[in-house]
């Protein structure tokens with residue numbers, strides 16, 4: 001999410017019990033009982049490290065969110081951020097064809113941050129993990145300069161077979177999606193416009209995305225040749241598959257028309273198209289499949305072909321090159 005507002009000291013910094021009134025052990029004693037434990041957990045949090053039973057290959061991924069950069073206190077509660085940071089990590093595990101098993105959580109915070117916000121955040125994390133059937137394995141706490149709050153999650157998962165990479169798409173494959181397109185970006189725009197009542201579903205998806213985690217292993221079992229989760233936009237992430245695989249992905253606008261129409265009434269037709277093509281933080285799954293193998297729960301939105309002579313691998317829409325390729329964490333223009 002772009003930095004859309006100057007960071008101010010919101011309710012999470014100005015009310016309740018500040019973290020500086022507790023030591024680390026006291027804070028952990030309040031947080032750890034909230035978190036779910038999983039059947040694969042051999043040693044629970046409390047020692048130097050947790051121990052997890054891990055048959056087969058292990059998937060590992062991590063992500064960090066920062067107050068004022070990835071979320072605003074005025075828009076999202078502590079529980080919202082707990083749900084969101086878990087979802088975006090578990091989506092990456094699913095995108096490899098894996099089944100999430102556990103997460104490690106780090107909180108780096110201004111000591112003036114309220115205990116109430118932290119506990120709300122812990123409950124959000126716990127709810128998201130419990131819904132996905134994963135354990136909270138432990139993590140870390142650290143203080144930070146004034147106004148700084150950062151949450152980082154490392155997620156682990158297991159693979160029942162081989163991982164599905166970005167680099168396996170082949171000419172003749174179909175491109176398919178499982179989940180929504182553009183909903184999170186539309187929610188962000190409605191929050192910015194203070195118009196959340198226009199499409200509450202979009203605002204909720206921005207605050208608490210729900211990636212289709214079961215679709216990752218399903219796609220792997222069906223023979224998906226490439227897969228990732230849509231975190232930075234359909235064009236940017238689809239382009240990553242195309243370049244890694246040395247192919248051209250051609251999006252079919254007819255298959256995207258329903259997604260655009262669903263958002264147009266709330267944000268306008270032009271913005272709706274932009275949300276669908278370039279909106280990030282969706283955390284739906286995007287994959288390529290050999291023709292005739294597409295699982296019924298996935299929907300086709302394009303095709304894969306070899307580059308023409310002199311054409312670079314990449315993504316096009318109805319055969320035409322596109323320039324707006326979605327959110328980038330460092331290039332904001």
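The values are calculated or read from the model by the stated rules, or taken from the named source; none is laboratory data. Computed from a prediction, not measured in an experiment: that's the story for all the values here. No Cβ is skipped: glycine too gets one built from the backbone with ideal geometry, and neighbour counts run over all protein chains shown.
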*asked:* I'd like to check something: does region 182-190 contain any residue that is touching a strand residue (DSSP E or B) at 6+ places or on another chain (Cβ under 7 Å) and within 27 Å of residue 227 (Cα to Cα)?
replied: no
_Checking residue 198 against (1) under 30 Å from residue 74 (Cα atoms); (2) in contact (Cβ under 8 Å) with a residue 60 or more places away in the chain; (3) crowded, with 18+ Cβ neighbours inside 10 Å, the condition it does not meet_ = (3)
*asked:* Tell me yes or no: at least one residue of region 138-153 is at pLDDT below 95 and surrounded by 19 or more Cβ atoms within 10 Å (Cβ to Cβ).
replied: yes
*Can you confirm whether region 95-106 contains a residue that is in contact with a helix residue (DSSP H, G or I) (Cβ under 9 Å, 6 or more places away or on another chain), modelled with pLDDT of 95 or more, buried (at least 22 other Cβ atoms within 10 Å of the Cβ) and within 30 Å of residue 264 (Cα to Cα)?*
yes
_Testing residue 42 on (1) at pLDDT below 95; (2) in a loop (DSSP other than H, G, I, E, B), one condition comes back false. Which one is that?_
(2)
*Single residue of 182, 172 found to be surrounded by 24 or more Cβ atoms within 10 Å (Cβ to Cβ), over 19 Å from residue 72 (Cβ atoms) and not assigned by TED's automatic domain parsing to the domain that holds residue 108*: 182
*Restricting to region 52-71, what's the tally of residues that are at pLDDT 75 or above and either outside any loop (DSSP other than H, G, I, E, B) or under 17 Å from residue 129 (Cα atoms) (or both)?*
12
_Set 128, 79, 74, 146: member being closer than 28 Å to residue 164 by Cα and either out of contact with any strand residue (DSSP E or B) (no Cβ under 8 Å at 6 or more places or on another chain) or assigned to a loop (DSSP other than H, G, I, E, B) (or both)_ = 128
*Would you say residue 100 is in contact with a strand residue (DSSP E or B) (Cβ under 6 Å, 6 or more places away or on another chain), in contact (Cβ under 8 Å) with a residue 24 or more places away in the chain and not in a strand (DSSP E or B)?*
no
